[in-house]
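The structure under discussion appears below in the form of structure tokens.
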Amino acid sequence: MSYKLLDGKALSTEIKLEIKAEVDQLLSKGFRAPHLSAILVGNNPASEAYMKNKVRSCEQVGFSSDLIRRPVEASEEEILDLVNQLNNDDHIDGFIVQLPLPDHIDDNKVLLKIDPKKDVDGFHPFNFGSMAQGLDAFLPATPYGIMLILERYNIDTSGKKVLVLGRSNIVGTPISILLSRKSNPGNSTVTLAHSRTSNIKEICKQSDIVISALGKPFFITADMVKQGAVVIDVGINRIDDLSKKSGSRLVGDVDFNGVAPLCSYITPVPGGVGPMTVCSLMLNTLKAFKKYRMPS
Ligand code: BQF
């Protein structure tokens with residue numbers, strides 16, 4: 001039937017223009033531009049692509065930024081020292097450590113070392129806890145992006161049955177918390193499903209809103225989706241496609257062609273949640289600047 005696309009690409013462009021206008025205002029008042037730094041360890045091709053998106057978005061909104069590269073052999077101690085330096089650098093409003101880190105470096109140890117005031121990815125347990133209690137916090141970028149999509153498209157979440165697939169600290173767990181809260185978007189009845197959940201198909205078929213963050217291409221098929229459902233596809237999976245020059249293409253967790261005709265709203269991949277994730281990082285950086293760098 002006729003579904004509406006939740007166009008994250010267009011929405012992120014719109015929000016980035018709003019951020020740019022705010023940055024121009026700051027500059028005209030004599031403030032410096034907000035600054036985002038990023039640490040990239042190694043040269044994982046997906047991470048390189050994500051970093052490019054982030055640096056380009058900084059340019060679009062008028063932030064200054066810098067990408068700090070370390071070789072894949074960098075020691076954990078070296079990265080912890082670097083985090084400490086960025087924590088203490090007054091010219092940096094926020095910074096991120098691009099994940100995944102090489103196996104010999106403990107992600108959690110590094111994330112714990114980030115000053116929560118500069119933690120614009122919202123991964124520090126302090127920000128996670130503040131978010132869970134409904135206090136002011138940096139929201140993790142992907143859940144924040146999903147909330148923005150729901151808000152700007154006026155999707156009613158109150159009293160709705162939401163199914164979240166995947167329980168990562170970065171996506172599944174926080175979005176399930178945010179949508180459970182007494183807020184708008186929010187006030188949903190949330191089910192958090194994962195690899196040990198039985199009857200996923202049945203639960204999915206009864207859900208008004210499905211948010212998939214599994215990383216399994218074509219996992220959500222038409223037989224699992226209720227007529228009129230809202231489907232948010234967080235998956236970013238590269239699959240072989242010999243019809244493409246590159247030999248591959250990106251797909252989500254959802255069999256888009258089969259599922260979309262059943263939906264009231266659905267996000268595409270690419271161009272859905274992904275661009276909103278990057279946009280949310282810009283919003284968090286602006287927030288860090290305003291909250292901790294401006295006189296109140
Ligand atoms: C799009 C990410 C998994 C693990 C680590 C636009 C991005 C992706 C897709 C992007 C992601 C995913 C990022 C599209 C950043 C989102 O057009 O569909 C932008 O750059 N993302 C990341 O930094 O680390 C990840 C996913």
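If I filter region 142-151 for residues that are without any contact (Cβ under 8 Å) to a residue 24 or more places away in the chain and surrounded by fewer than 22 Cβ atoms within 10 Å (Cβ to Cβ), do I get at least one hit?
No, every residue in region 142-151 fails to be without any contact (Cβ under 8 Å) to a residue 24 or more places away in the chain and surrounded by fewer than 22 Cβ atoms within 10 Å (Cβ to Cβ).
Among the residues of region 17-37, write down those that are more than 28 Å from Asp107 (Cβ to Cβ) and either touching a strand residue (DSSP E or B) at 6+ places or on another chain (Cβ under 7 Å) or within 14 Å of the ligand (Cβ to nearest atom) (or both).
Ala33
Looking only at region 266-274, decide whether some residue is more than 16 Å from the ligand (Cβ to nearest atom), free of Cβ contacts under 8 Å to residues at least 40 places away in the same chain and not in a helix (DSSP H, G or I).
Looking through region 266-274, none of the residues is more than 16 Å from the ligand (Cβ to nearest atom), free of Cβ contacts under 8 Å to residues at least 40 places away in the same chain and not in a helix (DSSP H, G or I).
Please work out if Asp107 is within 26 Å of Leu165 (Cβ to Cβ) and surrounded by fewer than 24 Cβ atoms within 10 Å (Cβ to Cβ).
Yes: the conditions hold for Asp107.
Residue check, Phe218 against (1) farther than 22 Å from Thr142 by Cβ; (2) touching an Asp or Glu at 6+ places or on another chain (Cβ under 6 Å); (3) away from the ligand (no atom under 16 Å from the Cβ), all met but one. Which one?
Failed condition: (1).
Can you say whether Lys245 is in a loop (DSSP other than H, G, I, E, B), touching a residue at least 12 places away in the same chain (Cβ under 8 Å) and basic (Lys, Arg), as far as the supplied structure shows?
No; evaluated as a whole, the condition is false for this residue.
Which is modelled with pLDDT of 95 or more, in a loop (DSSP other than H, G, I, E, B) and of a type in the set (D, E, K, R), of Glu73, Glu77, Glu59?
Every option except Glu73 fails the conditions.
Can you name every residue in region 259-282 that is surrounded by fewer than 24 Cβ atoms within 10 Å (Cβ to Cβ) and not hydroxyl-bearing (Ser, Thr, Tyr)?
If the condition is that a residue be surrounded by fewer than 24 Cβ atoms within 10 Å (Cβ to Cβ) and not hydroxyl-bearing (Ser, Thr, Tyr), then Val259, Ala260, Pro261, Leu262, Pro268, Val269, Pro270, Gly271, Pro275, Val278 are the ones that fit.
So Pro295 clears everything in (1) more than 16 Å from the ligand (Cβ to nearest atom); (2) under 30 Å from Phe138 (Cα atoms); (3) in contact (Cβ under 8 Å) with a residue 12 or more places away in the chain; (4) not in a helix (DSSP H, G or I) except one condition, right? Which one?
(3)
Quick check: is even one residue across region 38-48 in a loop (DSSP other than H, G, I, E, B), within 15 Å of the ligand (Cβ to nearest atom), without any contact (Cβ under 8 Å) to a residue 60 or more places away in the chain and within 27 Å of Leu250 (Cα to Cα)?
yes
Yes or no: Ser198 out of contact with any Leu (no Cβ under 9 Å at 6 or more places or on another chain), more than 19 Å from Arg167 (Cα to Cα) and not in a helix (DSSP H, G or I)?
Judged against the criteria, Ser198 is not a match.
Being part of a loop (DSSP other than H, G, I, E, B), more than 17 Å from the chain's Cα centre (by Cα) and aromatic (Phe, Trp, Tyr) narrows it down to one residue among Phe218, Phe138, Phe123; which is it?
Phe218
From Ile232, Ile239, Ile203, grab the single residue that is out of contact with any helix residue (DSSP H, G or I) (no Cβ under 8 Å at 6 or more places or on another chain) and either under 15 Å from Tyr3 (Cβ atoms) or within 16 Å of the ligand (Cβ to nearest atom) (or both).
After ruling out the rest, the residue left standing is Ile239.
The values are calculated or read from the model by the stated rules, or taken from the named source; none is laboratory data. Keep in mind that this is a model prediction, so the values were computed, not measured. All Cβ positions, glycine included, derive from the backbone under ideal geometry; neighbour counts span all protein chains shown.
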